[in-house]
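Below is one structure, written out as structure tokens; comments come after it.
The values are calculated or read from the model by the stated rules, or taken from the named source; none is laboratory data. As the structure is a prediction and not an experimental result, all values here were calculated from the model. Note that we place each Cβ from the backbone using ideal geometry, even for glycine, and neighbour counts take in every protein chain shown.
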Amino acid sequence: MRYRSQAVAYWYFAVAMVLFGLQLVFGLLSAAKYLGPDPLLNILPFDVTKVIHTNLLIVWVLTGFMGATYWMVPDESRTELYSTKLAYIQLGLWVVMGVTAVIGYLFRYGTGNKLLEQPLPHKIVIVIVMLMFLYNVIMTIRRSGRFTTTEGVLLLGVAGAAVLYLPALLHYENYTVSIIYRWWTIHLWVEGVWEMIQGGFLAYLLIRLSGADREVLEKWLYVIVGLVFIAGILGTAHHYYWVGVPQYWLPIGGFFSALEPVALVGMAMYAYSAIRRSGLAHPNTLALHWTIGSALFTLFGAGLLGLAHTWPSVNKWTHGTLVTAMHGHAAFYGAYAMIVLAMITFALPSMTHDRREQGSAVGYWSFWLQLAGMFGMTLSFATAGIGQVYLERILGLGYLDTQLKIQVHFLMLIATATLFSIGVGLFIWDFFRTRPRFEIVAEGAPPAAPARVAVT
Amino acid sequence: MNKRQARLFAIASTGLATVAFLGLTLHSHTKFDELTNAQNNTPQVQSGRDVWHKYNCVNCHTLFGEGAYYAPDLTKITQLRGEQYLKAYMRDPSAFYDEQRHRRLMPKQNLSEREITDLIAFLDWVSKVDNQGWPPRPILVTGASIPGTDFGPAQGTSSGTASTLPPGARPVTGTENPIALGAAAFRSVAPACNACHSTAPGVNMAGPSLAGVAARAEELIGSPEYKGQAKDVKSYLIESIRTPSAYVVPGTMYSADGTSFMPNTYEHDLSAEQIDQLAEYLSTLK
Ligand code: HEM
Ligand SMILES: [Fe+2]
């Protein structure tokens, strides 16, 4: 840690860890309900566990984004944060918002609009928190006078995320129109501005971890951002196909969303070649695993598995089946969960006691268990989804009868999800294992960065 | 390419895509009214939409294929199920399905009668939105477009008793809603009706699809082609079961010389009550 105020990141990460753990509890509950019968049918039905599962995901990932930004901006701008007090008030407000939202969901207090279930008061608090966050970050950068490209991309991503949340606050008379604007938030988040955030963290990590040249990395970062938006903005239409829009959105959505993986291929090549060409300049190899892992898993989960069902003539059959769940899990995990875990792994050795830079054995176990678990979950959803498409959509077997015939895949889902949860449990344990330590270590001094370790 | 050019590329491509996207969005707004029959998006439909949201239906079901995958898609449900069926079902889903049998059940939602009516109006509006013909084939809740595919291996050989009911059907105790009893009988009498009839629109097998049979019957009774005795929909359906040849649906694959290919054994093999329940169920298929 080079700046005292970077300590706020620790508390954001700690909250993210707790919420991540809680997310999995509700995920496992939901999976158990797929298998059924459900002893909690009238107390805690599927719709409730599922809302909590997805909302906790969004909240913890955003908490991680904010924490990681508070960690990264002082490093990039070489200054203390503008206001740590503001950062803590923001975190407090955010946690209160998140906890009350989840309690509300237990009683079905919510808007019932997928992924945007937050009640209006909560939505307003979310906007306020985002504004506080942006203000704090912008003031930090302004005061320092040093504004890097990496930081700029991250900041625009965060600001874009705030702006794109606004359509979710409005009321629409027409259900079709409300669906369209719902995707302005959800799709343009995950396939637009959040990819800028991911790109920003990725560039930061690569600059720190590898010996790669900042100018070169930042040039390619721009190219990636350009590719994301050429494809991603018009690619929104891959969610418009069957909801009651003019015909022309089908070819447009198909064509542009099929281009989306180009940016993801770019991102993976970017990460790989930075390390390949310039070697390692930092001992934290565990953080390197998470960083490269995130770029590659995004390519698999978002790029490949997104492409698999993005064309209208395929989507017509797969839309609304477990094939979507297959892609959603792999993509979200690879792109956003893993990049947050990478930032945490990178920052952790300098925020806690008794920790080797290289990462612990537990840390490696956690990495591989999570990867294997998530890969297995993706396969379980895929096999279940493909079975569902053939039986229910193509052969016309009833929904309930189809679900009975694909039970074995739900067993596999629960088994692999358990593996995944053990991996996450180890990560959380590793995080809290040692006390936090907020000492300032100057650049170049041990243990932050011993001499260059050449790996080629 | 240098860094400045790369930045220019990022800004220009984002700008272009944004302009194109906003332009098309504006254009789409001039088409939504027509595509979604906005004139029918009445206050009742809107309050039905609010009911849909209030009870969080979208986190189990999909509508337009969007939502959760724990329960069937409901985009065209009002075209597969009649209003009376849906009302009875919403009041108590457990009268229609058995959790032990297919491991899943919709919890009772405790809607008021008013909410149920509004909800059905909303779902009906949804079913008529011009959404590029999706789904390409009807998505059924239970049963099958192709007979027999919904039977488990143990159930394939015989039919009739509770333990050999198809996976979707509830074991019948005799105290349920007559519509639910009729729906169960449709799959369990011998020979099973669903061996020849689908309730999915357009799926004609050995017998014609019974989707919308009630509406068709209503039209038919008043017309000169009809030679049977029935005066209303229910009696038409009872007649169709008891004496299939009283009136035959046109089509050489359905009858020859005025004699229907549908078995004429039900009159003796089923009780009057069972036939009544079957008619009760079929008359919800509007
Ligand atoms: C990091 C990037 C991505 C994330 C986090 C992500 C996540 C998701 C999630 C969670 C859903 C389900 C949404 C819902 O049903 O409400 C979804 C749907 C979808 N995604 Fe992605 N995605 C990403 C990238 C992509 C890419 C690159 C493509 C195409 C090449 C793609 C294609 C699709 C399609 C076609 C659907 C709709 C499936 C359907 O409902 O028929 N996604 N995505
Ligand atoms: Fe998308």
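General remarks:
- Here is the figure for the stretch A:296-354: residues that are over 24 Å from A:Tyr399 (Cα atoms), of a type in the set (Ser, Thr, Tyr) and more than 8 Å from ligand 1 (Cβ to nearest atom) total 4.
- Of the residues making up the stretch A:175-196, those that are away from ligand 2 (no atom under 16 Å from the Cβ), out of contact with any His (no Cβ under 9 Å at 6 or more places or on another chain) and touching a residue at least 60 places away in the same chain (Cβ under 8 Å) number 1.
- When each of A:Leu296, A:Leu250, A:Leu322 is tested for being within 9 Å of chain B (Cβ to nearest Cβ) and either within 30 Å of A:Gly359 (Cβ to Cβ) or more than 16 Å from ligand 2 (Cβ to nearest atom) (or both), the lone residue that passes is A:Leu322.
- A:Ala287 meets all of the listed conditions (1) surrounded by fewer than 19 Cβ atoms within 10 Å (Cβ to Cβ); (2) among the small types (Gly, Ala, Ser); (3) more than 10 Å from ligand 1 (Cβ to nearest atom) but one, namely (1).
- Looking only at the stretch A:357-373, and only at residues there that are touching a residue at least 60 places away in the same chain (Cβ under 8 Å) and of a type outside the set (Phe, Trp, Tyr), the one that is surrounded by the fewest Cβ atoms within 10 Å (Cβ to Cβ): A:Val362
- Any chance B:Arg137 is facing chain A (nearest Cβ under 10 Å), under 23 Å from A:Thr54 (Cβ atoms) and charged (D, E, K, R): no
- Residue count, the stretch A:243-263 (criterion: more than 9 Å from ligand 1 (Cβ to nearest atom), aliphatic (A, V, I, L, M) and not in a loop (DSSP other than H, G, I, E, B)): 3
- Flag for A:Val245 being more than 28 Å from B:Asp33 (Cα to Cα), away from ligand 2 (no atom under 13 Å from the Cβ), buried (at least 23 other Cβ atoms within 10 Å of the Cβ) and facing chain B (nearest Cβ under 8 Å): no
- Restricting the stretch A:183-211 to residues that are crowded, with 20+ Cβ neighbours inside 10 Å and among the polar types (S, T, N, Q), the residue that is nearest to ligand 1 (Cβ to nearest atom): A:Gln198
- Selection status of A:Gly385, within 12 Å of chain B (Cβ to nearest Cβ) and modelled with pLDDT of 95 or more: yes
- Of everything listed in (1) at pLDDT 95 or above; (2) crowded, with 19+ Cβ neighbours inside 10 Å, the single unmet condition for A:Tyr390 is (2).
- For the stretch B:21-38, a residue qualifies if it is surrounded by 14 or more Cβ atoms within 10 Å (Cβ to Cβ) and free of Cβ contacts under 8 Å to residues at least 24 places away in the same chain, and the qualifying residues are B:Phe21, B:Leu24, B:Thr25, B:Ser28, B:Lys31, B:Phe32, B:Ala38.
Here is a yes/no grid of residues against (1) within 16 Å of ligand 2 (Cβ to nearest atom); (2) within 25 Å of A:Ser360 (Cα to Cα):
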{"site": "A:Leu202", "(1), (2)": "no, yes"}
{"site": "A:Arg208", "(1), (2)": "no, yes"}
{"site": "A:Glu215", "(1), (2)": "no, no"}
{"site": "A:Phe229", "(1), (2)": "yes, no"}
{"site": "A:Gly235", "(1), (2)": "yes, no"}
{"site": "A:Phe255", "(1), (2)": "yes, no"}
{"site": "A:Ala258", "(1), (2)": "yes, no"}
{"site": "A:Tyr270", "(1), (2)": "no, no"}
{"site": "A:Leu307", "(1), (2)": "yes, no"}
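- The criterion of at least 2 residues that are of a type in the set (Phe, Trp, Tyr) is met, among helices (runs of 4 or more DSSP H) falling completely within the stretch A:129-210, by A:175-188, A:194-209.
- Wholly within the stretch B:1-116, helices (runs of 4 or more DSSP H) carrying at least 2 residues that are more than 10 Å from chain A (Cβ to nearest Cβ): B:3-29, B:43-54, B:77-80, B:83-91
- Of the helices (runs of 4 or more DSSP H) entirely within the stretch A:322-425, those holding at least 3 residues that are over 21 Å from the mean Cα position of the chain (by Cα) and farther than 25 Å from A:Met267 by Cα occupy A:361-388, A:399-405.
- Residue match in the stretch A:222-239 (condition: away from ligand 1 (no atom under 12 Å from the Cβ), on the phi > 0 side of the Ramachandran plot and modelled with pLDDT of 95 or more): no
- Close pairs from the stretch A:288-314: first touching a residue at least 60 places away in the same chain (Cβ under 8 Å), partner aliphatic (A, V, I, L, M) and outside any helix (DSSP H, G or I), Cβ under 9 Å, at least 6 apart: A:Leu288/A:Leu280
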